[in-house]
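Accompanying notes for the structure given below.
The values are calculated or read from the model by the stated rules, or taken from the named source; none is laboratory data. Predicted, not measured: the structure shown is a model, and the values here were computed from it. Here the Cβ is made from the backbone with ideal geometry for all residues, glycine too, and neighbour counts use every protein chain on show. SASA here: full protein model, heavy atoms, side chains in, ligands and nucleic acids out. Shrake-Rupley method; radii C 1.70, N 1.55, O 1.52, S 1.80 Å.
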Amino acid sequence: MSRTGIPRIAVCLTGLLLMLVAVPTWRAPFPYRKDDRAFHGVTSRVDFQLIDAEETERARRNAADAVPLYFDHNPGMLDDLPLLLRNALGEIAQANDETSISERTRRSFGFLTDAGNPLTAPYIAADPSQRLQEMKQVIFGEGGMPMAERQIEDIVDNFSKFIEPLRQNGVIDLAQLPEGKNEPNTRIRVYVADEPGIEPRDVLLPQVQIDKVLNEAGALGSKWASYPFLTAEIRPALSCWLLQEVPTTLVFNPERTRSMQEAVQEAEPDRFDVYRAGDLIVPPGQSIDDERLAILKAEYQAVEAEIGWQSRLGRMGVVFALLIVLAVLMGYYLAANEPQLVGNSSRLSIYLAALVLSAGCAHWLSAFDPWPAYLIPLLGIAMVCALAYNQLLATLTSFALALIYTLATTGRMGDFIVLMSVMVTASIPLARVRKRDRLILVGILAGAVYFVVKLGVGIIESQALVEAFGDAALVAQATRGAAMCLAAGFVVAGSLPFIERRFGIVTDIGLLELSNTSHPLLQELIQRAPGTYNHSIAVSTIAAAAAESVGANGLLVRVGAYFHDIGKMLKPYYFVENVEAGGTSRHEHLAPAMSTLIIIGHVKDGVDLAKQYRLPQQIIDFIEQHHGTTLVEYFYRAAALKIEDEPDHRTDAEESSFRYPGPKPASKETGVLMLADAVESASRALADPTPKRIESLVHEITMRRLLDGQFEESSLSLSEVHQIEQSLVKSLIHIYHGRIKYPEAKTA
């Protein structure tokens, strides 16, 4: 094995190993997809359980609903109530009528209210004057003002003790409650805000509603009799006053409530549905919906969990062996028909990387069921291979990827047939693409093929034509696949410049963009070396025709010819086509060896310029290879004549010093350009370019290049070299054909 073959074999083995990871070969494929029809039904292979999402969610929701609402309680807000009551009762004691009482006190005791709480409605309905007199009677009793002051103190003292339950539980404003949480059985948890050491209290909502607390069964209403100075005559007035004056001491804490609800939900265990081996998951003839698909995935995971690492390694070994067989078959074709791809480790790496990347992306996108998004990378790589290489390589690549993807996912022959049909359909029409909308049309065509083939496979599997066409799920699958094919066309069309740069390929679309004479390099060539530019245009014309005659890429040759001599613009006047008529050559004062270095240097200068302007490698190949390792004959002969007179300088005429460094043409296209460049330059020196002389000149140059071994690496056959020769002769004859001499105008 040669040393040059070892890196390529290493690249291939690396690509195969990466493919094992890109499509996880350590586990069996999951063969089911949404809307698939299980014609024979599906039963469970093992015992397994599946989370009942609906029941689990219901249990967690119930647990969250059972969490009490958290309120922060500030009992200090009740401290001013006894003082406020003392002041209000003092006002009433000194009042002659209700108009001499402050507005707040009148409102608190219901003198300004027409209707009130049902608890105090009878009290408010009575005459205000009568109510005032009754209250004064309670306050004064049988004595005067001193007696009233002592009575007020006793009432206030009893009142302070009476409202103690409010200090413990607090008072709530119903407007703070979340929606739907105002039922009597709603529990709230009360935290004393300023005293964290006090344990929180759980109470029901009526226990913190002031109107409910004051009724006969409430914490306050049931204890009136326990306080002798809170007599029956004054209770309605005090109840009315409390309803108006008691502040809201409870503030809802949504953050703490939410935190506790989330904690309870997380602690709530999952609810499971249990399945036994042999249980029917999908009845025969039924389609797989979301619910059944989830069950099938759980069953698949249970089966995979029972597989040991030894079995997984064995499976990977078998898949690796299959990949090697596939690689050998494809490698045989590539070695025989794509030497440029196989012979260059960098290009081979890019090709294999594209295969691995597309397979990995397709496997990842296969999870986006029911949309077959995996079609986008697979169709994309098929179209890119057709654009960058040829239809046959794209077809073989499609076969390999379709087989790998199918075995790694569903494993069904029907899916392989559909995928292979679509990928080949996307490859065939892309022999020559000059417009981006062609890629969109190819996507439409691939979508139509997917739709038809998918329905056809469904008919074959169901064995019922009418039933298949009436299957809405099958039609929906076919429609979604067709949409993904169209999307692939748009993706490739939009990402083509990126693909060309990253993968080092050049498509006909990219070539057309490069062929625009407004390109900065061509504009600079026109200005600095117009003769070289005209020569390049002439070469492009005859070379493109010659390339087409042998089935090579004429557009690539044309664009390569535009740029093949750009290195001459750095020293334009050392090349004969840029020397004006009657001018002297700058080589007259240089030694032949120095002149040769300048002539040969235009290749290196051209490569440097091309890389500076980021031209594709395929165009750089034309710059490097269009002279191959040919001899700079003019200066070699000049050096040979010179050493005849100077025998001591024989080493100055060594042939190897007067040859271009190469490499030799490595493709048909660069071989065609070498001949076209040579014959176009030589034909300009013909004094009388008759067809016979042109034919003789072209044949002589062709044989010289052929015998010099310049086409050994170009894959050009002798018959193709002959066809190229004939095409060049024909083109040059048309260029130099004789013209009718027009009669001169008569002068008067």
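Results, tabulated for the structure shown:
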read-out: Every pair of residues 6+ apart whose Cβ atoms lie under 7 Å, when the first sits in segment 692-717 and is small (Gly, Ala, Ser) while the second is open to solvent by 20 Å² or more (accessible area, probe 1.4 Å) and modelled with pLDDT under 90; value: Ser714/Ala666; Ser715/Pro339
read-out: Test: residue in segment 267-275 that is farther than 14 Å from Ile51 by Cβ, at pLDDT 90 or above and out of contact with any Phe, Trp or Tyr (no Cβ under 7 Å at 6 or more places or on another chain); value: yes
read-out: Residue among Gly360, Gly308, Gly317 that alone is out of contact with any Asp or Glu (no Cβ under 7 Å at 6 or more places or on another chain), modelled with pLDDT of 85 or more, under 30 Å from Ala473 (Cβ atoms) and not hydrophobic (A, V, I, L, M, F, W, C); value: Gly360
read-out: Search result, residues across segment 206-243 that are open to solvent by less than 10 Å² (accessible area, probe 1.4 Å), in a loop (DSSP other than H, G, I, E, B) and touching a residue at least 60 places away in the same chain (Cβ under 8 Å); value: Leu230, Ile234
read-out: Flag if Pro75 is open to solvent by less than 20 Å² (accessible area, probe 1.4 Å) and under 30 Å from Asn169 (Cα atoms); value: no
read-out: Identity of the residue in segment 687-731, of a type in the set (S, T, N, Q) and surrounded by fewer than 20 Cβ atoms within 10 Å (Cβ to Cβ), that ends up farthest from Asn337 (Cα to Cα); value: Thr690
read-out: Residue count for segment 14-29, restricted to those that are under 20 Å from Ile307 (Cα atoms) and more than 25 Å from the chain's Cα centre (by Cα); value: 3
read-out: Residue list for segment 44-67, restricted to those being part of a loop (DSSP other than H, G, I, E, B) and surrounded by 17 or more Cβ atoms within 10 Å (Cβ to Cβ); value: Ser44, Val67
read-out: Complete set of residues in segment 12-42 that are of a type outside the set (A, V, I, L, M), open to solvent by 40 Å² or more (accessible area, probe 1.4 Å) and farther than 16 Å from Pro370 by Cα; value: Cys12, Thr14, Trp26, Arg27, Phe39, His40
read-out: Selected residue (criterion: modelled with the lowest pLDDT) from residues of segment 581-619 that are open to solvent by less than 70 Å² (accessible area, probe 1.4 Å), within 30 Å of Asn344 (Cα to Cα) and not in a helix (DSSP H, G or I); value: Pro616
read-out: Residue list for segment 84-108, filter: surrounded by fewer than 16 Cβ atoms within 10 Å (Cβ to Cβ), in contact (Cβ under 8 Å) with a residue 24 or more places away in the chain and over 17 Å from Gln137 (Cα atoms); value: Leu84
read-out: Residue identified as at negative phi, at pLDDT 85 or above and open to solvent by 50 Å² or more (accessible area, probe 1.4 Å) among Val171, Val203, Val246, Val251; value: Val251
read-out: Single match in Leu407, Leu474, Leu396, Leu439 (criterion: in contact (Cβ under 8 Å) with a residue 60 or more places away in the chain, in a helix (DSSP H, G or I) and buried (at least 23 other Cβ atoms within 10 Å of the Cβ)); value: Leu474
read-out: Residue check, Glu577 touching a Lys or Arg at 6+ places or on another chain (Cβ under 8 Å), part of a helix (DSSP H, G or I), among the acidic types (Asp, Glu) and in contact (Cβ under 8 Å) with a residue 60 or more places away in the chain; value: yes
read-out: Selection from segment 151-185 of residues that are closer than 17 Å to Leu78 by Cβ and part of a loop (DSSP other than H, G, I, E, B); value: Ile163, Gly170, Val171, Ile172, Asp173
read-out: Verdict on Asn516 being more than 20 Å from Thr670 (Cα to Cα), free of Cβ contacts under 8 Å to residues at least 40 places away in the same chain, open to solvent by 10 Å² or more (accessible area, probe 1.4 Å) and not hydrophobic (A, V, I, L, M, F, W, C); value: yes
read-out: Test: residue in segment 8-31 that is under 24 Å from Arg187 (Cα atoms) and part of a helix (DSSP H, G or I); value: no
read-out: Failed condition for Asp279, given (1) without any contact (Cβ under 8 Å) to a residue 12 or more places away in the chain; (2) more than 30 Å from Leu439 (Cβ to Cβ); value: (1)
read-out: Helices (runs of 4 or more DSSP H) contained in segment 284-367 and holding at least 1 residues under 22 Å from Gln391 (Cβ atoms), touching a helix residue (DSSP H, G or I) at 6+ places or on another chain (Cβ under 8 Å) and open to solvent by 30 Å² or more (accessible area, probe 1.4 Å); value: 309-337, 339-342, 345-365
